[in-house]
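A short write-up of the structure that comes next.
The values are calculated or read from the model by the stated rules, or taken from the named source; none is laboratory data. All values reported here derive from a predicted model rather than from experimental measurement. Backbone-built Cβ (ideal geometry, glycine too); neighbour counts: all protein chains shown.
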Amino acid sequence: MTTRAEFLSGLRREMAKTRGLFEARTAERPPDADLVFETVKRQMAERWPQALERFQAEFERVAGVFHRVARLEDVPDVVRAIAREKQASRVLSWHPDALGLDLRQSLGGEGLSVTLAPDDDPDGEARRVHREAAAEAEIGVTGTDWALAETGTLILVSGRGRPRSTSLLPTTHVAVFDRHQLLESLEQVGSMLEALHADPARRMSGAVINFITGPSRTADIELTLTRGVHGPKDVHAIFVEGR
Amino acid sequence: MSETQLRTPFPQRAHAALGDAHLQEALTIATTKFIGLRKESFAGYPAGEALRDRARAIKEATLQRLDQHLERLADNIERLGGHVHWAATGDEARDIILRLCRDRGVRMAVKSKSMATEEIDLNEALEAAGVKPVETDLGEYIIQLAHEKPSHIIAPAIHKTKGQVADLFSKELGGRFEADPEVLTAVARKELRQKFLEADMGITGANFAVAETGTIVLVTNEGNGRMVTSLPRIHVAVMGMEKVIPTMTDLMIFLSILARSATGQKLSSYTTLVRGPRQPGEVEGPEELHLILMDNGRMRQVAGTLREALYCLRCGACLNVCPVYRQIGGHAYGYTYPGPIGILLTAMLEGTGAVKDLAHASSLCGACKDVCPVRIDIPRMLVELREQVDREKIAPWGERMLFGLARRAMASSALFRLGARLGRLAQRPFVRNGRLQGLPFFFGQWTRTRDLPPVAARTFSERWKDLERP
């Protein structure tokens, strides 16, 4: 078996043989991640209306369904309407602390069964139970960490109370966001990710960050575009105005 | 590709592909569509050209400090609770995975599309060891059921019709399925969903790995990359060592051009950043994460003629525009990586001997270089490969003898004049419509697929003498 030391010393031997390389640099990183983080926040506090417009256009271009509600309390109505349209009864949701609202309370009594993600340290049994519920669920409701206008992308960071599969296993994914999550460009996303990794206080708890740009799609059979091959067939984004 | 097919010489494989009318049609439709999508995407993205230059510079800069970036990546992955393995060869990479399977009682492994695992023939090895590998990218799944190999880096089953897929599914999965992509996709969803939930191991490649944060990046449209990294208890990623990039800021630059080059999308449906196994508080995710960093011929090119091929992002754009690929498709190349970049990668992995014919399977038109997101100078390296093939004396003897004669004739004006005079006489029976065609003996190899201008009735130097006399 090749060891790390053997592998790297072999590589260094080859690197030493290179001649006449042109000077090349990697991308300039934000000098102070925190500062950039704050700058982006400030920029977006002013520019979010244009970003929202762009987000909606791009999100719809990738077959996303956009909703706009006045208050967070209106979100359950939208979920209810989607469930009715899909004739779905099983809803999976991020934990209320991660989502900002308790869907079990607002939807539970209406023939919809709502499973909430646990937010304690789940043991093996809790994980098994959640997985079974996730595999059965028809609608998955999540929050959003960033909504990227340039590409109509929802960016979700996994973690405690925010399982990665809520946006994957159900055939319909519903993501909730507000103006504080809007970003304009991939470049800004890069800055936010640098900050996220640099600052222990902002350190993500989970292992996965997903960029979601529209529904799951394939064109593998005769280049015919088909939705929902493994992940959701439909993706909804609900913008909450007053938050 | 079976062993016998591989042993068939390239000209025969290419000839067979040229005779396959259905393949020709599928290739034309697919490559034309991809070219259009890419073009449209970059046309609406003025920043794209500058980003391509930056992406190229990042690749070069990363190579210049590759050892440091790999160390940093490994340190960070281990800090997050993952394991890093170093594989000098494909055999070694395979053995690492087989040992993991054995030690952990793995019976089924789900895979998301990965050229790196194709490169090491992982599926065959897993099967032989009693582990069932299941490809989950729809195209790859079709190919696996049909016992074939992918024909395009990003559209592995473009050579199959929906009718063929329906027949295949009906036969392999039991049932009678309509030849409708929508229906067939739903069938695959149901079938594969079960596999995701049952599998013990998820195997992926890696589009990138970010050294600074220890992040493995997967780009997919179907979501199978997410399934494979979320549901099974073990995640194994196999990655060529050149795929490491320094930072998240760098990653954003690559993401902004990768999907545009491949499918014309701004971003693929899913870009998944995986940082270690399941973290405390998470309800799902694998218990174990293993990253296999693979050399397999790449290392000796760090200072070799194919260095620039180490920039490759595997987007497939160069395949679509290549006039040779568009005619013969992926299978005719005979190795894991088809198309112009595939010839270079084949030489890298298998040695120059493997490409003695393939090195010539290019018109050197430069279309590949024009569309490459990191502007890899593929034609230059193809010419260098041809030179190497000649130097290592692995070209057919007839060809070498002819070029040897030509070299001598061109180095001496007397011989050159004599040659022109002889040629004028000897060529007479073979000049048709002003072109030299259908030459006898082994010269025929050359003129079977091309013609040549005949030796002129009067050479340039003969005419020059006349012109000098006013």
Name the residue, out of B:Met201, B:Met227, B:Met252, that is of a type in the set (A, V, I, L, M), in contact with a helix residue (DSSP H, G or I) (Cβ under 8 Å, 6 or more places away or on another chain) and over 22 Å from B:Thr136 (Cβ atoms). B:Met252
Search result, residues across region B:315-349 that are polar (S, T, N, Q) and closer than 14 Å to B:Glu119 by Cα: B:Thr336, B:Thr346
Selection within region B:122-155 - at pLDDT 95 or above and on the phi > 0 side of the Ramachandran plot: B:Gly130
Restricting to region B:298-349, name every residue that is of a type in the set (S, T, N, Q) and without any contact (Cβ under 8 Å) to a residue 24 or more places away in the chain. B:Thr346
By residue number, the members of region A:160-187 that are at the interface with chain B (Cβ under 9 Å from one of its Cβ atoms), of a type in the set (S, T, N, Q) and crowded, with 24+ Cβ neighbours inside 10 Å are A:Ser165, A:Ser167
Would you mind finding the one in B:Val238, B:Val228 that is among the β-branched types (Val, Ile, Thr), in a helix (DSSP H, G or I), crowded, with 24+ Cβ neighbours inside 10 Å and on the phi < 0 side of the Ramachandran plot? B:Val228
Could you tell me whether B:Asp121 is assigned by TED's automatic domain parsing to the domain that holds B:Arg193, in contact with a Leu (Cβ under 7 Å, 6 or more places away or on another chain) and free of Cβ contacts under 8 Å to residues at least 60 places away in the same chain? no
Can you find even one residue in region B:349-359 that is of a type outside the set (A, V, I, L, M, F, W, C), over 30 Å from B:Thr32 (Cβ atoms), under 24 Å from the mean Cα position of the chain (by Cα) and assigned to a loop (DSSP other than H, G, I, E, B)? yes
Within region B:269-303, count every residue that is within 10 Å of another protein chain (Cβ to nearest Cβ), part of a loop (DSSP other than H, G, I, E, B) and under 19 Å from the mean Cα position of the chain (by Cα). 3
Counting just the residues of region B:132-167 that are surrounded by 20 or more Cβ atoms within 10 Å (Cβ to Cβ) and over 22 Å from B:Thr336 (Cβ atoms), which one comes out nearest to the other protein chains (Cβ to nearest Cβ)? B:Val165
I'd like the residue in region A:119-145 that is out of contact with any strand residue (DSSP E or B) (no Cβ under 6 Å at 6 or more places or on another chain) and within 19 Å of A:Pro232 (Cα to Cα) and, out of all such residues, is farthest from the other protein chains (Cβ to nearest Cβ). A:Glu132
List every residue pair whose Cβ atoms lie under 7 Å apart, where the two residues are 6 or more positions apart in sequence or sit on different chains, the first residue falls within region B:437-459 and is at pLDDT below 85 and surrounded by 12 or more Cβ atoms within 10 Å (Cβ to Cβ), and the second residue, located anywhere, is part of a loop (DSSP other than H, G, I, E, B) and of a type in the set (D, E, K, R). B:Gln437/B:Asp451
Does region A:75-100 hold any residues that are closer than 20 Å to A:Asp145 by Cβ and crowded, with 21+ Cβ neighbours inside 10 Å, and which are they? A:Val75, A:Val79, A:Leu92, A:Ser93, A:Trp94, A:Leu99
Go through B:Ala420, B:Ala411 for me and flag whichever is in contact (Cβ under 8 Å) with a residue 24 or more places away in the chain and hydrophobic (A, V, I, L, M, F, W, C). B:Ala420
For residues in region B:189-207 being more than 10 Å from chain A (Cβ to nearest Cβ) and charged (D, E, K, R), which is surrounded by the most Cβ atoms within 10 Å (Cβ to Cβ)? B:Lys195
So the check is Cβ under 9 Å with 6+ separation or different chains; which pairs have a first residue in region A:19-32 that's facing chain B (nearest Cβ under 7 Å) and in contact (Cβ under 8 Å) with a residue 24 or more places away in the chain and a second one that's surrounded by fewer than 11 Cβ atoms within 10 Å (Cβ to Cβ) and assigned to a loop (DSSP other than H, G, I, E, B)? none
Return yes when B:Trp464 is among the aromatic types (Phe, Trp, Tyr), closer than 20 Å to B:Met410 by Cβ and in contact with a strand residue (DSSP E or B) (Cβ under 9 Å, 6 or more places away or on another chain) and no when it is not. no
Quick one: in region A:184-210, which of the residues that are closer than 21 Å to B:Gly281 by Cα and assigned to a loop (DSSP other than H, G, I, E, B) is modelled with the lowest pLDDT? A:Arg203
Go through (1) on the phi > 0 side of the Ramachandran plot; (2) in contact with a Gly (Cβ under 8 Å, 6 or more places away or on another chain); (3) more than 10 Å from chain B (Cβ to nearest Cβ) one by one and return the number of the condition A:Gly152 breaks. (3)
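I'd like the full set of residues that are within 20 Å of the chain's Cα centre (by Cα) and within 12 Å of chain A (Cβ to nearest Cβ), limited to region B:208-244.
B:Val217, B:Leu218, B:Val219, B:Thr220, B:Asn221, B:Gly225, B:Met241, B:Glu242, B:Val244
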Out of everything in region A:101-118 that is within 14 Å of chain B (Cβ to nearest Cβ) and not β-branched (Val, Ile, Thr), what residue ends up being surrounded by the most Cβ atoms within 10 Å (Cβ to Cβ)? A:Ala117
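Okay, residues lined up against (1) assigned to a helix (DSSP H, G or I); (2) touching a Ser or Thr at 6+ places or on another chain (Cβ under 9 Å); (3) not assigned by TED's automatic domain parsing to the domain that holds B:Pro323:
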residue: B:Tyr337; (1), (2), (3): no, yes, no
residue: B:Pro340; (1), (2), (3): yes, yes, no
residue: B:Ile343; (1), (2), (3): yes, yes, no
residue: B:Ser362; (1), (2), (3): no, no, no
residue: B:Ile376; (1), (2), (3): no, no, no
The lone condition A:Pro232 fails out of (1) at the interface with another protein chain (Cβ under 7 Å from one of its Cβ atoms); (2) crowded, with 23+ Cβ neighbours inside 10 Å; (3) of a type outside the set (A, V, I, L, M, F, W, C) is (1)
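Residue-by-condition table, conditions (1) among the charged types (D, E, K, R); (2) within 12 Å of chain B (Cβ to nearest Cβ); (3) in a helix (DSSP H, G or I):
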position: A:Gly10; (1), (2), (3): no, yes, yes
position: A:Asp34; (1), (2), (3): yes, no, yes
position: A:Phe37; (1), (2), (3): no, no, yes
position: A:Lys41; (1), (2), (3): yes, no, yes
position: A:Ala45; (1), (2), (3): no, no, yes
position: A:Phe55; (1), (2), (3): no, no, yes
position: A:Arg68; (1), (2), (3): yes, no, no
position: A:Asp74; (1), (2), (3): yes, no, yes
Output yes when any residue across region B:1-22 is out of contact with any strand residue (DSSP E or B) (no Cβ under 6 Å at 6 or more places or on another chain), polar (S, T, N, Q) and closer than 22 Å to A:Ala27 by Cβ, and no when none is. no
Residue ranges of helices (runs of 4 or more DSSP H) in region B:397-470 with at least 1 members over 26 Å from B:Pro9 (Cα atoms): B:397-411, B:413-426, B:460-468
